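Written below as structure tokens is the structure these notes are about.
The values are calculated or read from the model by the stated rules, or taken from the named source; none is laboratory data. Keep in mind the model is a prediction, meaning the values are calculated, not measured. Using ideal geometry, Cβ is built from the backbone for each residue, glycine included, and neighbour counts are taken over all protein chains shown.
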Amino acid sequence: MPLTVNSVKKWWLISGLVLVALVVCAAQAALYLLPLDLKDRSPVQPVAFSHKAHAGDHAIPCLYCHRYAQKSPVAGIPALSDCRACHQFIAPEAPEVKKLMGYWDKKEPIPWVRVHRVPDHVYFPHMMHLRAGLECGTCHGEVAAMERLSRVASLKMGWCLECHRERKASIDCWTCHI
Amino acid sequence: MKRRTFLQIGTMSAAAALVSGCQSANEKLIPFLIPPDEGITPGRATYYASSCRCCAAGCGILVRVSEGRAKKIEGNPEHPVNRGRLCARGQASLQELYHPDRIKKPLKRSGPRGSGQFSEISWSEALALLTGELKALKREGQSDRLALLTPQLRGSLETLATGFMRSFGSAQHLSYELLGPDWLRAASRRSFGEPSLPWYDLAETRYLLSFGAEFVESHLSPVHYGNAFGRMRQGRDTVRGHFTYVGPRLSLTGASADRWLAARPGSEGALALGMARVILEEALYHPEALAASGVGAAGLLSRLKGYDLPRVARLTGLAEQAIAEVAREFATTGPALAMAGETAAFQSNGAEAVRAVQLLNLLAGNLNRPGGIYPDRGAPQGPERSFEELLALVEALRAGRVRVALIKGNPVHSVPPATGFQEALSRVPFIVSFSTLLDDTALMADLVLPDNAALESWGDAIPLAGGREPVLGLMQPVVAQLYDTRQFGDVLLAAASELGGALAAALPYPSYLELLKKETLGKVAAPGAADADSLWNELLRRGGHFAAPASARMGEAKGSAAAQSAAGKSGAKGERNRESGGKSYRWASGAPLPEPGEPRFAGSEKEFPLHLQVYPSTAFNDGRGAALPWLQQLPDPMSTAVWDSWLEINPKTAKALGVGHGDLVQVTSPRGSLRLPAVVYPGIRPDVVAIPLGQGHRGGGRYAKGRGVNPLELLVAQLDGAPPAPCWNATRVRLARVSAEGGLVTAGHPEGSYRSDLIEI
């Protein structure tokens with residue numbers, strides 16, 4: 001039946017559309033107001049890298065691989081050649097290490113899925129936080145116990161401010177939003 | 001469909017869209033495969049000093065490089081030409097590096113010429129092809145049948161190009177640019193006996209008179225003069241310099257003026273001489289300056305008898321009172337200076353009009369004086385007759401006296417077709433292009449040897465007329481090469497070494513970098529200086545060799561201004577000489593009086609009632625910026641038009657012709673016709689229409705190709721019976737309205753977004 005327009009049906013249509021608009025607005029408001037967190041906290045990675053094995057069981061310091069954290073805003077993730085340098089000799093037969101070598105043979109970097117991210121309008125420098133004496137775990141949690149990396153902090157502005165207030169760090173807008 | 005189903009589906013799809021839109025997937029983190037060993041720290045930027053080669057001004061730039069990629073270009077604060085400023089073209093040159101249509105490997109033509117069909121070949125094959133052709137010329141004793149076409153080169157590249165051609169045995173090296181300052185050098189040679197370009201001390205002047213010199217947009221060194229203009233207006237506590245603009249159209253420069261004299265096209269010279277006559281008659285001239293140049297005031301006045309106020313007013317279409325007022329202000333407000341620009345120079349009487357402006361400067365005592373005009377010592381020599389050389393080359397091409405043409409640049413687009421260049425070039429059996437994109441010239445080529453992008457290149461940039469002191473800017477690669485390309489200089493050197501003999505002996509350099517290093521250190525290094533390598537590194541770190549830091553020079557300028565006023569207005573000439581390093585302007589003895597004569601135009605006034613003015617676009621200059629999407633997106637500062645070409649027309653004329661804003665019009669000259677949208681613009685004389693240069697490319701990548709029209713197609717190359725002179729503003733046109741569908745896009749108008757596909761890169 002084609003959609004005919006008589007007075008009753010027209011009112012039905014209009015009220016229906018208004019309802020849709022209201023639902024859309026309400027949902028957007030909810031997303032804005034509620035502390036919803038839709039990002040995956042512990043995404044599956046292309047290679048099942050275990051922080052527990054590296055940082056926990058073998059006690060490799062964080063900065064051994066994330067070597068730029070002390071001098072750059074970004075901590076950096078190790079180049080594939082760095083992974084390979086060790087795994088040529090250590091556990092070369094493990095299935096995940098073979099996967100790693102597969103990437104090397106194809107000359108492709110591993111497309112890691114990002115776990116920790118602040119928005120572009122936030123300037124977050126790793127080196128300043130390390131210089132202030134913070135441990136990596138303060139924000140990143142007990143990584144040495146994680147089989148698959150999982151985000152423990154919300155990384156929202158309130159969470160940043162809480163810590164800045166507690167430690168008497170600057171809470172001026174321009175400190176982070178430059 | 002039932003209403004209920006429609007609503008249900010509608011609600012569900014809206015909700016689904018909402019949820020999926022918000023749940024953006026986690027980003028990817030891509031590490032290096034192998035970390036670069038140059039000490040790159042991810043997240044930390046490195047800044048390299050280099051030089052801009054988007055126009056002849058040669059500004060210094062700083063490039064921010066992060067993780068091995070060039071991210072942002074800004075001006076180099078230490079560079080005396082631009083002092084940290086940079087224009088839009090310089091900023092956008094970043095996109096030359098990342099242009100998606102860059103030529104990635106040497107190309108060999110595989111289809112018919114002009115079809116754009118090429119196949120990729122290796123460099124060894126490409127060089128073998130090139131040297132094979134050159135060897136054949138040598139073998140058959142026809143080495144004079146090689147032609148090299150370049151822009152107007154300076155510095156090491158000029159040394160290399162002229163050395164190559166001389167040693168090869170051919171004199172056919174053409175350095176031509178449509179907007180090259182040949183006209184200014186030639187006029188200076190006739191008036192002052194030397195071809196050096198003027199450097200205007202704009203910042204210190206009190207009265208500026210510009211005869212069609214668009215110094216904010218394109219004239220000589222726009223960033224330098226734009227900055228100096230700001231200081232002239234606001235840089236001094238008590239003085240705000242006055243600016244009068246003469247020209248038929250309000251350019252951005254003209255719109256910055258206090259007073260606009262919309263003189264009739266081609267009457268600028270008569271106006272200058274009329275003002276000169278007023279100054280002489282009322283004895284407002286500078287007697288010492290005239291005496292120093294050996295010019296007698298009485299004799300001069302008697303020879304300017306023909307330029308009485310009523311006649312000049314009739315010639316220029318201006319009020320007598322306005323002319324006299326400006327002349328008096330100019331002569332009595334010291335220091336003052338008058339500039340002559342392309343708008344006036346590209347008329348049939350342009351060469352003499354420029355000299356009339358020089359005479360005006362002499363009368364008011366503006367030469368060699370703070371706030372006045374000095375000779376530029378940076379590039380004292382340069383091409384003066386390249387337009388005649390172009391016509392001679394066209395003759396040679398037509399007569400089959402060229403077998404191999406090597407072309408750097410894009411002359412197929414930027415030379416007016418009326419010269420016959422494009423048609424004549426197609427007769428050359430073997431054409432080699434060094435373009436980075438498949439531009440109009442590369443499309444004609446048989447072999448394309450892609451050059452590096454500027455940010456991947458070594459080089460030097462000798463700024464044109466950007467200061468009193470010589471400046472040597474250096475270019476260095478700031479990123480690793482993206483593709484398998486080679487620098488123009490390296491290709492010439494490779495060909496020279498392959499050809500051997502005198503050529504290899506004259507150019508015994510393993511690479512262009514070695515040549516550049518030797519040339520630069522030869523100019524800069526004091527004898528017995530510290531070791532060359534550390535000096536070279538220091539030069540690269542600073543971006544070149546500047547005589548003194550900007551602050552010190554400022555002090556010197558102030559000091560010399562004080563000395564000048566202490567010595568009185570006369571300022572002994574010997575002192576001036578010492579101050580400017582032994583070089584100053586002096587009216588050459590026996591230099592003839594400027595005699596502009598009646599302007600002549602192509603096309604009869606009856607058939608073609610309007611004057612056509614073409615002007616360099618703020619975004620593209622003569623067309624070399626058209627390939628870059630940032631510049632395509634840049635609105636014209638006066639009309640806010642974006643993307644395509646347009647024609648500016650006075651509201652009165654538009655009304656008479658029934659043309660509305662945005663209408664499609666057909667503009668017809670004696671040579672051809674074009675269709676483009678009209679911009680109704682009150683800042684233009686009713687008898688003039690204007691079209692910006694730079695669009696209408698057949699090639700040049702996806703952003704330039706097929707966009708707008710090239711107004712050069714309308715121009716007449718040479719007026720009948722006149723000596724060869726570039727008179728690009730001396731063509732008459734007529735106009736007819738075609739339809740209301742002009743497709744004009746202006747910034748701020750909602751339609752402006754309809755081509756947003758171009759924004760992506």
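Screening A:H66 against (1) within 11 Å of chain B (Cβ to nearest Cβ); (2) over 21 Å from the mean Cα position of the chain (by Cα); (3) at pLDDT 90 or above leaves a single unmet condition, (2). For the range B:731-746, a residue qualifies if it is in a loop (DSSP other than H, G, I, E, B) and either out of contact with any Leu (no Cβ under 9 Å at 6 or more places or on another chain) or crowded, with 20+ Cβ neighbours inside 10 Å (or both), and the qualifying residues are B:G742, B:L744. Using the structure shown, decide if B:T343 is over 30 Å from B:K105 (Cβ atoms), β-branched (V, I, T) and not in a loop (DSSP other than H, G, I, E, B). Yes. Filtering the range A:110-124 for residues that are of a type outside the set (F, W, Y), touching a residue at least 12 places away in the same chain (Cβ under 8 Å) and part of a helix (DSSP H, G or I) leaves an empty set.
The condition of being surrounded by fewer than 17 Cβ atoms within 10 Å (Cβ to Cβ), touching a residue at least 12 places away in the same chain (Cβ under 8 Å) and not hydrophobic (A, V, I, L, M, F, W, C) holds for only one of B:S122, B:S51, that being B:S122.
B:E384 meets all of the listed conditions (1) within 27 Å of B:G155 (Cα to Cα); (2) in contact with a helix residue (DSSP H, G or I) (Cβ under 6 Å, 6 or more places away or on another chain); (3) outside any loop (DSSP other than H, G, I, E, B) but one, namely (3). Considering the range B:47-68, and only residues there that are over 22 Å from B:N227 (Cβ atoms) and modelled with pLDDT of 90 or more, the residue that is nearest to the other protein chains (Cβ to nearest Cβ) turns out to be B:V65.
Meeting the requirement of 3 or more residues that are closer than 23 Å to B:Y509 by Cβ and not small (G, A, S), the strands (runs of 3 or more DSSP E) wholly within the range B:101-208 are B:146-150.
Residues are listed down the side, and each one gets a yes or a no for (1) surrounded by 24 or more Cβ atoms within 10 Å (Cβ to Cβ); (2) among the acidic types (D, E); (3) touching a residue at least 60 places away in the same chain (Cβ under 8 Å):
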| site | (1), (2), (3) |
| --- | --- |
| B:G60 | yes, no, yes |
| B:R64 | no, no, no |
| B:E67 | no, yes, no |
| B:K72 | no, no, no |
| B:R85 | no, no, yes |
| B:E96 | no, yes, yes |
| B:H99 | no, no, yes |
| B:I103 | yes, no, yes |
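A:H54 satisfies every condition listed in (1) more than 10 Å from chain B (Cβ to nearest Cβ); (2) within 23 Å of the chain's Cα centre (by Cα); (3) at pLDDT below 90; (4) part of a helix (DSSP H, G or I) except (3). Please determine whether any residue of the range B:139-159 is closer than 25 Å to B:G699 by Cα, modelled with pLDDT under 90 and in contact with a helix residue (DSSP H, G or I) (Cβ under 7 Å, 6 or more places away or on another chain). Scanning the range B:139-159 turns up no residue that is closer than 25 Å to B:G699 by Cα, modelled with pLDDT under 90 and in contact with a helix residue (DSSP H, G or I) (Cβ under 7 Å, 6 or more places away or on another chain). Residue pairs whose Cβ atoms lie under 7 Å apart, separated by 6 or more positions or on different chains, with the first residue in the range B:32-44 and under 13 Å from A:Y68 (Cβ atoms) and within 7 Å of chain A (Cβ to nearest Cβ) and the second of a type in the set (K, R) and part of a loop (DSSP other than H, G, I, E, B), are B:T41/A:K71. Among the conditions (1) assigned by TED's automatic domain parsing to the domain that holds B:A257; (2) surrounded by fewer than 23 Cβ atoms within 10 Å (Cβ to Cβ); (3) modelled with pLDDT of 90 or more; (4) in contact with an Asp or Glu (Cβ under 8 Å, 6 or more places away or on another chain), B:A171 misses just one, which is (1). Taking every residue in the range A:26-47 that is at the interface with chain B (Cβ under 10 Å from one of its Cβ atoms) and more than 20 Å from A:H140 (Cβ to Cβ) and pairing it with any residue that is assigned to a loop (DSSP other than H, G, I, E, B) and modelled with pLDDT of 80 or more, at least 6 positions away or on another chain, the pairs with Cβ-Cβ distances below 8 Å are A:P46/A:I110; A:P46/A:P111. For the range B:423-472, filtering for residues that are under 26 Å from B:L539 (Cβ atoms) and among the aliphatic types (A, V, I, L, M) leaves 9.
From the list A:V122, A:V143, A:V152, A:V118, which residue is more than 10 Å from every other protein chain (Cβ to nearest Cβ) and touching a Phe, Trp or Tyr at 6+ places or on another chain (Cβ under 8 Å)?
A:V118 is the lone residue from the list that is more than 10 Å from every other protein chain (Cβ to nearest Cβ) and touching a Phe, Trp or Tyr at 6+ places or on another chain (Cβ under 8 Å).
Among the residues of the range B:318-340, the ones that are outside any loop (DSSP other than H, G, I, E, B) and under 19 Å from B:I373 (Cβ atoms) come to 11 in all. If only residues of the range B:233-265 that are of a type in the set (S, T, Y) and either within 11 Å of B:R685 (Cα to Cα) or touching a residue at least 12 places away in the same chain (Cβ under 8 Å) (or both) are counted, the one that is surrounded by the fewest Cβ atoms within 10 Å (Cβ to Cβ) is B:S256. The number of residues in the range A:94-115 being away from every other protein chain (no Cβ under 12 Å) and within 18 Å of the chain's Cα centre (by Cα) comes to 0. Does the range B:682-701 contain any residue that is in the same structural domain as B:G625 (by TED's automatic domain parsing) and without any contact (Cβ under 8 Å) to a residue 12 or more places away in the chain? No: the range B:682-701 contains no residue that is in the same structural domain as B:G625 (by TED's automatic domain parsing) and without any contact (Cβ under 8 Å) to a residue 12 or more places away in the chain.
Filtering the range B:257-310 to residues that are outside any loop (DSSP other than H, G, I, E, B), under 26 Å from the mean Cα position of the chain (by Cα) and within 18 Å of B:E595 (Cβ to Cβ) leaves B:E268, B:G269, B:A272. Scanning the range A:75-93 for residues that are surrounded by 15 or more Cβ atoms within 10 Å (Cβ to Cβ), assigned to a helix (DSSP H, G or I) and within 13 Å of chain B (Cβ to nearest Cβ) yields a count of 4. Count of the range B:465-496 residues, restricted to those that are hydroxyl-bearing (S, T, Y) and surrounded by 19 or more Cβ atoms within 10 Å (Cβ to Cβ), is 1.
B:L515 meets the conditions (1) surrounded by fewer than 22 Cβ atoms within 10 Å (Cβ to Cβ); (2) farther than 28 Å from B:A626 by Cα in every case but one. The failed one is (1).
Among the conditions (1) of a type outside the set (K, R); (2) surrounded by fewer than 21 Cβ atoms within 10 Å (Cβ to Cβ); (3) in contact (Cβ under 8 Å) with a residue 12 or more places away in the chain, B:G141 misses just one, which is (3). Just one of the numbered conditions (1) in contact with a His (Cβ under 9 Å, 6 or more places away or on another chain); (2) among the small types (G, A, S); (3) more than 14 Å from chain A (Cβ to nearest Cβ) is not true of B:S110: (1).
Just one of B:L209, B:L220 is at positive phi, buried (at least 24 other Cβ atoms within 10 Å of the Cβ) and in contact (Cβ under 8 Å) with a residue 60 or more places away in the chain; which is it? Result of the check over B:L209, B:L220: B:L220.
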